[in-house]
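Reading through the structure tokens given below for one structure.
Each reported figure results from applying straightforward, stated rules to the coordinates on display, with no laboratory input. What you see is a predicted model, and the numbers here were worked out from it, not measured in a lab. Counting neighbours? That spans all protein chains shown, and the Cβs are built from the backbone with ideal geometry, glycine included.
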Amino acid sequence: MKLIMFRALMILVPIAMLAGCAAGVKKITTPDGRLGYLISCDGSADDWSTCYAEATKLCGKYNIIDRNEASTPTNYGPLVRRHLVAEYK
């Protein structure tokens, strides 16, 4: 039983770590009516460059409308949440 649990843990932990590194994207309409994106780059293994790279991929040139970051301490290290709102330039 312990071996099964260990194997399952060895599979699930890397998957969970990779999920924290990917940027999440949601299309939005900005206050002035333009197409924009809410980009989430959560995870302590990432930084703002992940959000900026995703904004460049989606928009080419873009304006940053909003940017925020929050960190919550946990027993396993900080839980970091980053959100960037970008619109086409």
Spin-label model distance (nm) - Glu69 vs Lys89, 7 Å beyond Cα toward Cβ
2.2 nm
Check which residues have an amide H placed less than 5 Å from Ser44's amide H, if you skip close sequence neighbours.
Val80
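Full-extension gain between Asp32 and Tyr76, please, as 0.36 nm times their residue separation minus the C-alpha to C-alpha distance.
Once the chain is fully extended between Asp32 and Tyr76, it gains 11.7 nm.
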Spelling out what I want: for every residue of segment 39-52, take phi, set θ = phi - 60°, compute 6.51 cos²θ - 1.76 cosθ + 1.60 (Karplus), and round to whole Hz; glycine and proline get x.
10, 10, 10, 8, x, 6, 7, 9, 9, 5, 4, 5, 5, 5
Long-range amide H contacts for Ile65: which residues qualify at under 5 Å (H placed 1.01 Å from N, peptide plane, sequence gap of 5 or more or a different chain)?
Val85, Ala86, Glu87
